[in-house]
Amino acid sequence: MPLFRQQQEVLHRRQLRQKHGEHIVNTALITFLQSIKELIPEATKHWSAEQVSFKANFGTGNRRPWRVLVAQDGPELYVSFLEYGLAWEEYITKNRVGSIFPVPAVNLARVWTYGPWTVDDVQGMLGFAKIILAILLHP
């Protein structure tokens, strides 16, 4: 087999490993999150590794508007919180900011990211699991 062809084959195999490895990592994280959720039978939230399209539905009532994202980069886990206000809701639902435009970015939304927790650190993962439990228990 010529050297060039060998290099192409090695590169192709590496790309396949990376592609499949990403899926395995995502599945492992989702399984871990679901296992934590099982500790709280009344929890209505669920976890998914699937890419989905979202439609804004902010509902009504008194609430502290926020969303959570759990992300993984290799062996590192992160939790990000998005806090937003009325300007953000108007921007997302109507693709405009109305009479209050231009709005400073700080008034649209704020993101706080925490981590990393590494999957091979038992104490760190215990702390991560407690955060996930708190998220699940939040109304």
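The values are calculated or read from the model by the stated rules, or taken from the named source; none is laboratory data. Since we're looking at a predicted model, the values are computed, not measured. Cβ coordinates were reconstructed from backbone atoms using ideal geometry, including for glycine residues, and neighbour counts include every protein chain displayed.
Regarding Thr118, is this residue at pLDDT 80 or above and of a type in the set (S, T, N, Q)? Considered against the rule, which asks whether it is at pLDDT 80 or above and of a type in the set (S, T, N, Q), Thr118 comes out as yes.
Restricting attention to the range 45-65 and to residues that are closer than 30 Å to Asp121 by Cβ and surrounded by fewer than 14 Cβ atoms within 10 Å (Cβ to Cβ), the residue that is modelled with the lowest pLDDT turns out to be Gln51.
Selection over the range 126-139 of residues that are surrounded by 15 or more Cβ atoms within 10 Å (Cβ to Cβ) and more than 22 Å from Pro41 (Cβ to Cβ) gives a count of 0.
Do the conditions hold for Lys130, that is, is it within 28 Å of Ala28 (Cα to Cα), of a type outside the set (Ser, Thr, Tyr), modelled with pLDDT under 85 and more than 13 Å from the chain's Cα centre (by Cα)? The answer is no for Lys130.
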